[in-house]
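The values are calculated or read from the model by the stated rules, or taken from the named source; none is laboratory data. Note that the coordinates shown come from a computational prediction; the quantities given were computed from them, not determined experimentally. Here the Cβ positions follow ideal geometry from the backbone for every residue, glycine too, while neighbour counts run over all protein chains shown.
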Amino acid sequence: LKAMGKRNKGHKARKKKKSQVGTQDNLPNRPRSEQELKLNIRRAEASMTASLLPYAKDGSTKAMASLAQAYHKGKGVKKNMDKAIKLYTEAASAKKKPSITAAYNLASILNERESPDVAIPWFQKAASYEIDLGNKRNVGGHS
């Protein structure tokens, strides 16, 4: 009986610790204000964006598309639609592993900024990438 009592006490102690793990009071380096939290988020976004640059320069379409999205949304960098369009175009036009997301996002921007006529080829390109991937994976395609 004593052994069971010790096990139960230990179980209760562990359970109590688990409930405390996720409380905000126990978080390390917890921001003291909403303003400090926003500043921390901007710093993290800037760091992430900076880390993408070498990969984008080396031709990674994923990095280009992510960097384009950062410029598009102004996350970690100053919003710059011209840079976003340039990077989206490069990522969507790549001969090896073109970015479906970049093609779609580029089409969406061009549809808003210019005209549907300019955007349609990029929407079609994004759709054709999806179809090609579906056929390669045999998802919705015929072998």
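Among the residues of the range 73-90, are any in contact (Cβ under 8 Å) with a residue 40 or more places away in the chain, in contact with a helix residue (DSSP H, G or I) (Cβ under 8 Å, 6 or more places away or on another chain), closer than 27 Å to Ala46 by Cβ and not basic (Lys, Arg)?
Checked the range 73-90: no residue is in contact (Cβ under 8 Å) with a residue 40 or more places away in the chain, in contact with a helix residue (DSSP H, G or I) (Cβ under 8 Å, 6 or more places away or on another chain), closer than 27 Å to Ala46 by Cβ and not basic (Lys, Arg).
Would you please list the contacts, defined by Cβ atoms under 6 Å and residues six or more apart or on different chains, that run from a residue in the range 35-56 that is free of Cβ contacts under 8 Å to residues at least 40 places away in the same chain to a residue that is of a type in the set (A, V, I, L, M)?
As it stands, the answer is Thr49/Ala70; Thr49/Val77; Leu52/Ala63; Leu52/Leu67; Tyr55/Ala63; Ala56/Ala63; Ala56/Met64; Ala56/Leu67, since those pairs meet every condition given.
Does Glu90 count as modelled with pLDDT of 90 or more and part of a helix (DSSP H, G or I)?
Spelling it out, Glu90 is indeed modelled with pLDDT of 90 or more and part of a helix (DSSP H, G or I).
Which of the residues belonging to the range 57-72 are without any contact (Cβ under 8 Å) to a residue 24 or more places away in the chain and buried (at least 19 other Cβ atoms within 10 Å of the Cβ)?
Ala63, Ser66, Leu67, Tyr71 - these are the residues of the range 57-72 that are without any contact (Cβ under 8 Å) to a residue 24 or more places away in the chain and buried (at least 19 other Cβ atoms within 10 Å of the Cβ).
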